[in-house]
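Asks: Please see the structure below; I have some questions.
Every number here is computed from the coordinates shown, using simple stated rules; none is lab data. Given the structure is predicted, the values throughout are model-derived calculations rather than measurements. Backbone-built Cβ (ideal geometry, glycine too); neighbour counts: all protein chains shown.
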Amino acid sequence: MINDSNRDKTLGETLREQGISRRSFLKFCATTASMMALSPAMIPKIAHALENARRPSVIWLSFQECTGCTESLTRAHTTTIESLIFDFISLDYHHTLQAASGHAAEQARETAMEENYGKYLLIVDGSIPMDNPGYSTIAGISNYDMLMDTAKGAAAIVAVGTCAAYGGIPHAKPNPTGAVSVGDLIKDKPIINVPGCPPIPVVITGTLMQFLTFGSLPELDHIGRPKAFYGKSIHDRCYRRPFYDKGLFAETFDDEGAKKGWCLYKLGCKGPTTYNACATTKWNDGTSFPIEAGHPCLGCSEPDFWDGGSFYKALSMPTENITRTVIYTAAGAAAAGVALGAMNRHKKNQAVATHNRTSIDDLKK
């Protein structure tokens with residue numbers, strides 16, 4: 001939460017008060033442009049927008065969830081971005097992070113809604129139970145009632161995590177609570193889905209940065225995800241992709257293929273059908289991601305990933321991929337055959353030449 005006396009200060013004013021240099025600020029803007037997949041030409045525009053931006057009010061609601069999304073955000077490895085989110089927005093309500101509790105906490109939410117009606121950003125993590133309101137309540141208020149009440153005055157809604165975006169694990173069969181996503185209930189507000197179980201920290205903060213910087217939503221794909229982060233499949237950017245194209249797969253978790261880092265497709269990797277930034281942004285300060293650690297992708301940023309069959313059963317390979325892999329392998333085999341044939345011919349010619357020289361020498365004698 002921020003002090004009310006600082007609410008109307010611009011980000012530029014706050015940065016100067018914090019002693020942050022112009023150089024550091026521009027470096028941050030360059031990082032932001034890269035993170036949002038924008039060209040370097042946008043850096044001055046980002047700097048100008050941020051310098052003059054005022055802290056937007058943010059209300060964060062947590063419903064049927066595990067707190068993993070909040071844990072992910074608070075461990076964002078880019079500290080300048082994390083500081084921007086927590087120091088330079090007005091985080092007026094968050095079940096886990098707020099100091100207030102009880103009546104004071106609910107009063108903070110209501111006050112933020114009233115003072116910033118039509119302007120605040122609503123963030124939701126967790127699915128909403130519909131079979132029985134009593135499955136999940138906050139301050140005696142059902143998740144459904146709190147969501148619908150808070151969404152009325154929101155400028156936009158960010159559904160953080162697969163549970164909020166698509167129902168997630170609570171929505172998995174047999175879905176005992178009747179869990180639904182934010183988008184299943186809200187139809188009259190712009191919604192950004194930031195799925196993942198949990199989402200990558202920089203993906204969360206990068207999406208918020210787009211709204212803070214430009215006051216608009218990022219370009220979204222067909223299921224509401226920011227294209228900057230979910231525009232390409234993990235498979236397309238995976239460092240193991242060359243092994244897939246060559247038809248080199250690990251058959252078990254401890255065979256020679258696994259030890260050599262071959263493709264995990266046959267072990268159930270969902271990378272070809274999963275769109276996320278894991279392969280490039282990675283986790284833990286950019287250290288690694290599941291595939292790099294030797295485990296197949298589970299597809300956690302896709303709708304109904306929990307009900308998509310065994311995590312360790314291979315997907316049905318698309319026909320064009322089979323063709324490409326077969327051609328690649330056949331071409332390799334053909335090339336090897338040509339090389340072997342040439343080698344054999346060379347050896348045969350050498351043998352003939354040797355025989356001929358021997359015969360001539362015999363005649364001379």
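Asks: Using a Cα distance threshold of under 30 Å, what count of lysine pairs results for the stretch 166-267 when pairs must be 8 or more residues apart or interchain?
Replies: For the stretch 166-267, qualifying lysine pairs total 18.
Asks: In nm, to one decimal, how far is the GLU292 label point from the LYS313 one, both placed 7 Å along Cα→Cβ?
Replies: Roughly 3.1 nm, to one decimal.
Asks: Related question: Let me know the volume per residue of the alpha-carbon convex hull for the stretch 4-230, in Å³.
Replies: 115
Asks: Cβ under 11 Å from GLU65's Cβ, GLU65 left aside: what net charge do those residues give with Lys, Arg +1 and Asp, Glu -1?
Replies: -2
Asks: Would you mind telling me the antiparallel percentage of the DSSP bridges in the stretch 4-230, rounded to 5?
Replies: Taking every DSSP beta bridge within the stretch 4-230, about 25 percent pair in antiparallel fashion.
Asks: What percentage of all Cα-Cα pairs in the stretch 184-265 are separated by more than 20 Å? Don't skip to the answer; put the middle values down first.
Replies: Working: 1723 of 3321 pairs.
Everything past 20 Å amounts to 52 percent.
Asks: A further question follows. Put one equal scatterer on each alpha carbon of the stretch 234-307, apply the Debye formula with no solvent term, and list log10 I(q)/I(0) at q = 0.20 1/Å to two decimals.
Replies: Values returned for q = 0.20 Å⁻¹ are -0.81.
Asks: Additional query: Please list, by residue number, every one of the GluC sites (Glu not before Pro) in the stretch 229-323 that is coil in DSSP and has at most 12 other beta-carbon atoms within 10 Å. Write out the running numbers ahead of the final one.
Replies: Numbers: sites: GLU251, GLU256, GLU292, GLU320; in loops: GLU251, GLU292.
Answer by residue number: GLU251.
Asks: I'd like the Karplus ³J(HN,Hα) series for the stretch 156-169: coefficients 6.51, -1.76, 1.60, θ = phi - 60°, whole numbers in Hz, and an x wherever there's a Gly or Pro.
Replies: Couplings: 7, 10, 10, 8, 8, x, 5, 5, 6, 6, 9, x, x, 5 Hz.
Asks: Where the centre of each part is set by its Cα atoms, how far does the stretch 157-190 sit from the stretch 88-145, in angstrom?
Replies: Taking the Cα centre of each part, the stretch 157-190 and the stretch 88-145 sit 16 Å apart.
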